[in-house]
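K.L.:
First the structure, which I've put down as structure tokens, then a few questions once you've had a look.
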Amino acid sequence: MKAEEYRERRIEAGGWPVNVSSYRVGDEWHAKADNVSPGAALARAAGVTREEAEQRVVERAAELLSRTRRHEV
Amino acid sequence: MATYAHPEMLVSTDWAASHRADPDVRIVEVDVDTKAYDEGHVPGAIAWAWNTQLCDTVRRDILSQEQFEELMSSSGVNPETTLVIYGDNNNWFAAWALWQAKIYGHADVRLMNGGRKKWLAEGRELSTETPPVKRAGYRAKNADLSLRAFLPQVQQAAAARSAALVDVRSPQEFSGEILAPPGLPETCQRGGHIPGARNIPWGRASNEDGTFKSADELRALYAGEGIDGSQPIIAYCRIGERSSHTWFVLKYLLGLDNVTNYDGSWTEWGNLVGANVERGAAAGARG
């Protein structure tokens, strides 16, 4: 089996830039969301379509990112 | 164009594909996301979990010599084995594993340039099978602590400005605006950076495809921030894995001497009673 149709795109979720990558292995789509800076993994999910897998990771990423506190510097 | 100081420390995805069944080569995936391996990995690769197999799970520390020997033995690795490590996030924890392998004197350990991301993007073959491993009898060398910085060294370096402190976290972590990467739990009491540190985020050493930038680009990047090897270098981040990536770049791709990784990093310094902290953006980032 192979990873096919690999794609990355940048969106905003929970007020932060997020990198969403996705690809297909056989009939299953896999997606992952990382924060853009520093590039830490936030969520991973699978789905029957790319959209479904990506939506799951974006929702989870937004949930985590919305908890991030910004401090006065 | 200049070449890397130690190009033998990297293999390409092509090389890994053609050596995956080589009995003298052991390919290991080490991810931030420890579930990624199960989703599909380089055929023939085994996995190490950074949070259970690449640290002491009781006291905060890297593996002891005995624990490292057990990991290598149970992974079928001999001292002569070519160890090829790769992972997600452009090899964050792969570099962490390589750093420990070098501390314990493994002679031939390399990173797969581009890591898991490049393997996936190239549409290469994946496997969900864990290969059988024939146990080896590994004897490690005594720890080479010249590769590791401990708190007293960092305190002394910060006070005397006797080493270049390279903070590889994001600008917002460096400034103190956030206490952990966005979306991750806060793991320190204070935000900011070690006094005198320069902020060179780890990702600036990578291309979009996850591979390392060229030697010329890397030299320009670090020299532009005053990191040229004229004084000892201490890299740090939050828990030591991102700084392993930068340590690898400085030591093996640029060939700078006296580069250490401070794995205590911000989760140590930012929780330390009485430690001075600087806040605010890096000089070059101020408006």
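K.L.:
Between the range A:57-73 and the range B:177-210, what is the separation of their alpha carbon centroids in Å?
P.N.:
Here the two parts' Cα centres lie 15 Å apart.
K.L.:
Might you report the magnitude of the Cβ-based charge dipole of the protein assembly as shown about its Cα centre, with Lys and Arg at +1 and Asp and Glu at -1, to the nearest 20 debye?
P.N.:
My answer is approximately 720 debye.
K.L.:
In addition: List the chymotrypsin sites (Phe, Trp or Tyr not before Pro) within the range B:109-187 that fall in a DSSP loop (any state other than H, G, I, E or B) and whose Cβ has at most 15 other Cβ atoms within 10 Å.
P.N.:
Filter output for the range B:109-187: B:Phe150.
K.L.:
Out of residues 5 or more away from B:Asp108 or on other chains, whose amide H comes under 5 Å of its own, with H placed 1.01 Å from N in the peptide plane?
P.N.:
Excluding prolines and chain starts, which carry no amide H, the hits are B:Leu83.
K.L.:
Taking amide H atoms as placed 1.01 Å from N in the peptide plane, list the residues 5 or more away in sequence, or in a different chain, whose amide H sits under 5 Å from that of B:Gly183.
P.N.:
A:Thr68
K.L.:
Another question, then. Treat the count of other C-beta atoms within 10 Å as a stand-in for reagent exposure and order A:Arg10, B:Arg26, A:Arg67, A:Arg44 from fewest to most.
P.N.:
The order, fewest Cβ neighbours first, is A:Arg10, A:Arg67, A:Arg44, B:Arg26.
K.L.:
So, one more: Within 10 Å of each residue's Cβ, count the other Cβ atoms and sort B:Cys237, B:Cys188 from fewest upward.
P.N.:
B:Cys188, B:Cys237
K.L.:
Still on this structure, I have one more. Short version: ³J(HN,Hα) in whole Hz for each residue of the range B:56-65, in order, from phi by Karplus 6.51 cos²θ - 1.76 cosθ + 1.60 (θ = phi - 60°), x for Gly and Pro, what are they?
P.N.:
6, 7, 9, 9, 6, 5, 6, 5, 6, 4
K.L.:
Out of chain A, which GluC sites (Glu not before Pro) are coil in DSSP terms and have no more than 10 other C-beta atoms within 10 Å?
P.N.:
A:Glu72
K.L.:
Then there's this: Show the residues, 5+ positions off or on another chain, whose built amide H is closer than 5 Å to the amide H of B:Phe212.
P.N.:
The answer is B:Gly114, B:Asn207.
K.L.:
The range B:16-82 to the range B:228-244: how many Å between their Cα centroids?
P.N.:
23 Å
K.L.:
Relative to the longest principal axis of the C-alpha atoms of chain B, give the angle of the C-alpha long axis of helix B:88-103, reported between 0 and 90° and rounded to the nearest 10°.
P.N.:
90 degrees
K.L.:
Fewest first, what order do B:Thr82, B:Thr260 take by the number of other Cβ atoms within 10 Å?
P.N.:
B:Thr82, B:Thr260
K.L.:
Per q in 0.21, 0.26, 0.27 1/Å, what log10 I(q)/I(0) does a Debye calculation on the alpha-carbon atoms of the range B:184-228 return?
P.N.:
The computed values of log10 I(q)/I(0) come out as -0.80, -0.94, -0.97.
K.L.:
Sticking with this structure for a sec: Rounded to the nearest 500, what is the 222 nm mean residue ellipticity of the protein assembly as shown from helices alone, with -39500 (n - 2.57) per DSSP H run of 4+ residues and division by all residues?
P.N.:
-7500 deg cm²/dmol
K.L.:
A follow-up question, please. So which GluC sites (Glu not before Pro) in the range B:68-169 are both in a DSSP loop and have at most 11 other Cβ atoms within 10 Å of their Cβ?
P.N.:
Filter output for the range B:68-169: B:Glu80, B:Glu129.
K.L.:
Taking each residue in A:58-67, count the Cβ atoms of any other chain within 10 Å of its Cβ, then average. What number comes out?
P.N.:
Taking all residues of A:58-67 together, the mean is 2.
K.L.:
Could you tell me what fraction of 2.2 N^0.38 Å the Cα radius of gyration of chain B comes to, as a two-decimal ratio?
P.N.:
Dividing the Cα Rg of chain B by 2.2 N^0.38 Å gives 0.98.
Every number here is computed from the coordinates shown, using simple stated rules; none is lab data. What you see is a predicted model; the values in this text were computed from it and never measured. All Cβ positions, even for glycine, are placed from backbone atoms using ideal geometry, and neighbour counts span all protein chains on display.
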